[in-house]
1. Please specify each residue of region 33-56 satisfying the condition of being part of a strand (DSSP E or B) and polar (S, T, N, Q).
2. I'd like the full set of residues that are polar (S, T, N, Q) and modelled with pLDDT under 95, limited to region 37-56.
3. Of Ala59, Ala77, Ala82, which residue is in contact with a Cys (Cβ under 7 Å, 6 or more places away or on another chain), part of a helix (DSSP H, G or I), modelled with pLDDT of 95 or more and not acidic (Asp, Glu)?
4. Restricting the search to region 62-74, which residues are β-branched (Val, Ile, Thr) and part of a helix (DSSP H, G or I)?
5. If I filter region 41-51 for residues that are surrounded by fewer than 18 Cβ atoms within 10 Å (Cβ to Cβ) and farther than 20 Å from Lys94 by Cβ, do I get at least one hit?
6. Are any residues in region 85-103 more than 16 Å from Glu34 (Cβ to Cβ) and either modelled with pLDDT of 90 or more or surrounded by 15 or more Cβ atoms within 10 Å (Cβ to Cβ) (or both), and if so, which ones?
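The values are calculated or read from the model by the stated rules, or taken from the named source; none is laboratory data. From a predicted model like this one, the values you see are computed outputs, not experimental measurements. Using ideal geometry, Cβ is built from the backbone for each residue, glycine included, and neighbour counts are taken over all protein chains shown.
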Amino acid sequence: MSPRCKKPRRCSCPFHGNAEQIFRPTGIPLHGLELTKLNHDEMEAMYLCDAEGLTQEEAGTRMGVSRGTVQRLLAAARNKVANALVHGTAIVIKTNGSKTGSD
């Protein structure tokens, strides 16, 4: 059985386009760091709820997905960002059209 197709999501956060954004600890070369991949839709959910102050339901309406999906995306994004900050890994924000080395 083939995997279910992803529902298209509307994104409005500043991290759109076809280039990846990479944030890393200073003083450590990127090639020496483990990468934490943050998907664009996870970044969008975190941006809408945390930066713009929308409720999960409002963010879901803006993204064109359910509140439950926003809750799942938000939990995943916050977990990845917190772990990256604590463990000193680089955060790679994957945009809709971007690919990383292992993809």
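1. First pass over region 33-56, keeping only residues part of a strand (DSSP E or B): 35-39.
Of everything in region 33-56, those that are part of a strand (DSSP E or B) and polar (S, T, N, Q) turn out to be Thr36, Asn39.
2. Restricting attention to region 37-56, the residues satisfying the condition of being polar (S, T, N, Q) are 39, 55-56.
Of everything in region 37-56, just one residue is polar (S, T, N, Q) and modelled with pLDDT under 95, namely Asn39.
3. Selected residue: Ala59, the only one of Ala59, Ala77, Ala82 that is in contact with a Cys (Cβ under 7 Å, 6 or more places away or on another chain), part of a helix (DSSP H, G or I), modelled with pLDDT of 95 or more and not acidic (Asp, Glu).
4. Going residue by residue through region 62-74, those that are β-branched (Val, Ile, Thr) are 65, 69-70.
Result: Thr69, Val70.
5. No, that holds for no residue.
6. Within region 85-103, Thr95, Ser98 qualify.
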